[in-house]
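Enquirer: Attaching a single structure in structure tokens format; questions to follow.
The values are calculated or read from the model by the stated rules, or taken from the named source; none is laboratory data. Just so we're clear, the structure is a prediction, and the values are computed from it rather than from any experiment. Neighbour counts are summed over all protein chains in view; Cβ atoms, including those assigned to glycine, are modelled from backbone coordinates with ideal geometry. The area values use the complete protein model at the heavy-atom level, side chains included, leaving out ligands, DNA and RNA. Shrake-Rupley method; radii C 1.70, N 1.55, O 1.52, S 1.80 Å.
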Amino acid sequence: MTHMHTREDPPHEQPEMFEPDAWDERYSGTGSIWSGNPNPQLVTEASRLTPGTALDVGCGEGGDVIWLAQNGWRVTGADFSRAGLDRAAKHADDAGVADSVDWWQVDARSFDAEGREYDLVTTHFLHPPDGGMVEVTRRLSAAVAPGGHLLVVGHSPSAHHTQLSESHRRAMFDAEELLPGLPDDFEPVVVEQRPRTVVRDGRHIDIADSTLLARRKA
């Protein structure tokens, strides 16, 4: 698994970058990896929902978890990196929302809901190798409560990712490619490539967020 967020330069291609040990090492430094701001598609979609319980898989340093908690959600932040979760917990404490947040160390590739259900399950910029996000979508859908929503956002395999290796490029997806991962009791609400502009190395770059929002029928 790798988090290929647009808020950073693309990581150098190494097979271990898909594994938790590499992210534990990355998070062991002193500086922040991410901006701490919530991802824009989360803000767009979750702002339209009634706050309830939420699960953020691949939460990293906790920016999305904190935003959800600040907006009335009871949130579980999940990640396969223990060091990342430790950072996220500190950031949540600093933000004054620790009482609204739980933490769960889990790998999305082998995720098992274990009977837990949430009103919103969300994941942003997880890119398991070789098209594995369809299977991750299927696994995460099991954690969505009846009437709840699943939000999956990732990078579209577009031209701005020219620095990435072929294996990273294969890990990207368009929103419609995730539809086979939805069980029959889900209805797609949003299946879009959403354009936006980011600043990287002082340059404005047009990118696209592959955005799938689906609702589980009540």
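Enquirer: Quick check on the range 81-90. Is at least one of its residues at pLDDT below 95, in contact with a Pro (Cβ under 6 Å, 6 or more places away or on another chain) and open to solvent by less than 20 Å² (accessible area, probe 1.4 Å)?
Expert: yes
Enquirer: OK, next. Is it fair to say SER110 is among the hydroxyl-bearing types (Ser, Thr, Tyr) and over 27 Å from GLU177 (Cβ atoms)?
Expert: It is false that SER110 is among the hydroxyl-bearing types (Ser, Thr, Tyr) and over 27 Å from GLU177 (Cβ atoms).
Enquirer: In the range 176-212, what residues are in contact with an Asp or Glu (Cβ under 8 Å, 6 or more places away or on another chain) and not hydrophobic (A, V, I, L, M, F, W, C)?
Expert: GLY181, GLN193, ARG194, PRO195, ARG196, THR197, ARG200, ASP201, SER210, THR211
Enquirer: What is the one condition in (1) farther than 23 Å from VAL190 by Cα; (2) open to solvent by less than 50 Å² (accessible area, probe 1.4 Å); (3) within 15 Å of the chain's Cα centre (by Cα) that ALA95 does not satisfy?
Expert: So the condition that ALA95 fails would be (3).
Enquirer: Do we have ARG194 as open to solvent by 60 Å² or more (accessible area, probe 1.4 Å), assigned to a strand (DSSP E or B) and in contact (Cβ under 8 Å) with a residue 60 or more places away in the chain here?
Expert: In short, no.
Enquirer: Is it the case that ARG116 is surrounded by fewer than 17 Cβ atoms within 10 Å (Cβ to Cβ), in contact with a strand residue (DSSP E or B) (Cβ under 7 Å, 6 or more places away or on another chain) and within 27 Å of GLN70 (Cβ to Cβ)?
Expert: No.
Per-residue answers, yes or no, for (1) touching a helix residue (DSSP H, G or I) at 6+ places or on another chain (Cβ under 7 Å); (2) of a type in the set (D, E, K, R); (3) part of a strand (DSSP E or B); (4) surrounded by 16 or more Cβ atoms within 10 Å (Cβ to Cβ):
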| site | (1), (2), (3), (4) |
| --- | --- |
| ASP99 | no, yes, no, no |
| ARG109 | yes, yes, no, yes |
| LEU120 | yes, no, yes, yes |
| PRO129 | yes, no, no, yes |
| THR137 | yes, no, no, yes |
| HIS149 | no, no, yes, yes |
| VAL152 | yes, no, yes, yes |
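Enquirer: Restrict the check to the range 63-75 and report whether at least one residue is open to solvent by less than 10 Å² (accessible area, probe 1.4 Å), under 11 Å from the mean Cα position of the chain (by Cα), within 27 Å of THR197 (Cα to Cα) and without any contact (Cβ under 8 Å) to a residue 60 or more places away in the chain.
Expert: Yes, that holds for at least one residue.
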